[in-house]
Amino acid sequence: MENFLTSDAIRTLFSQAMSSMYQQEVPQYGTLTQLVTAVNERTLEAHPALKNRLAAADELDRLSVERHGAIRVGTAEELSTLRQMFAVMGMEPVGYYDLSQAGVPVHSTAFRPVTDSALRRNPFRVFTSLLRLELIDDAELREKAAAILAARDIFTPGCRALIAQHQQQGGLNASDAARFVKEALETFRWHAHTLVDSETYRALSQQHRLIADVVCFQGCHINHLTPRTLDIDRVQTLMPTRGIDPKTLIEGPPQRQVPILLRQTSFKALEEAVHFNDGTPGTHTARFGEIEQRGAALTPKGRMLYDRLLAEAGTGSDNQHHQQHLSAVFRDFPDDEDTLREQELAWFRYRLSAKGVQHPPQTGETLAQLLAEGRVQAEPIVYEDFLPVSAAGIFQSNLGAETHARSAGNASRADFEAALGAAVQDEMALYQQMQQRSLTRCGIR
């Protein structure tokens, strides 16, 4: 049997190559990662208890390599092939997101690792959106967009061949894995020459800027790559000192003692020179830099409370006042780990302390008793997924599009899964399984 590289190793090679490429294409991304690294180091120095907890939970090493990217594709075939490409890297589709509820004509999933060990090694995620041509009002323009998409191939022949080889052999050796990373990277590269003339570009842009971004180019260029920070408020404040213009609002929940879910901000998109195929020069604005701060994954009960409070808080035009208002509204959301755990608002990972290893749990002992005696310790499970309202807010702010009112949307999970060629995994079930596995490892039934 050949000596195959693990999917974790291939994923790490690919995420590093993606990061290098994006830094060349969007130099401010390099500035951003340097800023995030400096803020993280300072945060860990100032909070040794946090550093110790992250180290004990095996979360510290992944912090510096952690990234998520975002791409948009136009056809079912493109989405299905991406699923097969990401499978080589041990990334599976998790969650269904309907962004049409916020006026963005796509629906999405997140390709990511799903096992505890793979997430510890490298939790690389790619938020992947499929354009919904049926949401284009103009029938003639809709048909034209479909024809443009049908004529392109965003994958190199070498990439397709190596995906097939992986499926046939069950893996790739180091040499083939290196070639796979090189070929796969081409799908995400920026192309300044469009597939369309300037008139078609303008017509698609008038329907929605995102439609033009998906349809008019040769590949599904990576439109942002996101490092993880431990203090997003600090990064937002410091971005202008590095020559970076941040978006107005930090998306997601307010600052808390126990961070929950996901907070995101970004710098405004670049205006990049493009060349239309009628010889006309122009510009396109879509690619930007994003930062995220991840907190505890919430249970269905916790998520219902979060969604209710977020809807109640609404939005704002000034970050300082918006965050103050958010914090006031979110006083109804408990902000200490014990209450979050006791009220089953967040998922937790359990492990035996040194005392627990010496005196393992016995039949009849309750979890509450073991926690009180310090024999078992609980850590919130990191949220590995995304928030559709926040994602739409980032998209809108960076496409320069007008803000659309939230609506019921046009969710169609069945159509998305048919295009994907597989069912998306339920993120709540994954978190529940992680929690249960940790209890089992502790010897708690």
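The values are calculated or read from the model by the stated rules, or taken from the named source; none is laboratory data. Keep in mind the model is a prediction, meaning the values are calculated, not measured. Quick reminder, even Gly has a Cβ in these numbers, built from the backbone with ideal geometry, and neighbours come from all protein chains shown. Surface areas here come from the heavy atoms of the whole protein model, side chains and all, with no ligands, DNA or RNA. Shrake-Rupley method; radii C 1.70, N 1.55, O 1.52, S 1.80 Å.
Considering only His221, His284, His325, the Gaussian network model of the chain with Cα springs below 10 Å gives its largest mean-square fluctuation to His325.
On average, how much accessible surface per residue is there in the chain, in Å², for a 1.4 Å probe, leaving out ligands, DNA and RNA?
It amounts to 42 Å² per residue over the chain.
When the Cα gyration tensor is reduced to axis lengths a ≥ b ≥ c, the ratio a/c is 1.5 or higher for the range 75-136, and with a/b not above b/c it is classed as oblate. Using the empirical formula 2.2 N^0.38 Å as the baseline, the Cα radius of gyration of the range 1-63 reaches a ratio of 1.49. Charge tally around Arg142: other residues with Cβ under 14 Å, Lys/Arg +1 each, Asp/Glu -1 each, net -3. Beta bridges assigned by DSSP with both partners in the chain are antiparallel in approximately 80 percent of cases.
Ranking His275, Gln236, Cys220 by Cα position along the charge dipole of the range 208-317, where only Lys, Arg, Asp and Glu carry charges on their C-beta atoms, puts Gln236 farthest toward the positive end. What a 1.4 Å probe finds exposed on the chain is 50% carbon and sulfur by accessible area, rounded to a whole percent. Computed on protein heavy atoms with a 1.4 Å probe, the accessible areas place Ser64, Ser129 in the order Ser64, Ser129, largest first.
Classify the range 134-240: rounded, prolate or oblate, from the alpha-carbon gyration tensor (a ≥ b ≥ c, eigenvalue square roots; a/c under 1.5 rounded; otherwise prolate if a/b is larger than b/c)? Oblate.
Largest GNM mean-square fluctuation among Glu373, Glu77, Glu41, using the chain with Cα springs under 10 Å: Glu373.
From the square roots a ≥ b ≥ c of the eigenvalues of the alpha-carbon gyration tensor of the chain, which class results: rounded (a/c under 1.5), prolate (a/b over b/c), or oblate? Numbers along the way, then the final one.
Working: a/c = 1.79, a/b = 1.41, b/c = 1.26.
Prolate is the answer for the chain, as a/c is 1.5 or above and a/b outweighs b/c.
If I build a Gaussian network model for the chain, linking alpha-carbon pairs within less than 10 angstrom, which residue out of Pro281, Pro105, Pro253 has the largest mean-square fluctuation? Evaluated over the chain, the most mobile residue of the options is Pro281.
Across His193, His275, His322, the residue with the most accessible area heads the list, and the full order at a 1.4 Å probe is His193, His275, His322.
For His47, His321, the ranking by accessible surface with the largest value first comes to His321, His47, using a 1.4 Å probe.
Put +1 on the Cβ of each Lys and Arg and -1 on the Cβ of each Asp and Glu in the chain; which of His208, Leu54, Tyr97 then has its Cα farthest toward the positive end of the dipole? It is Leu54, whose Cα lies furthest towards the positive end.
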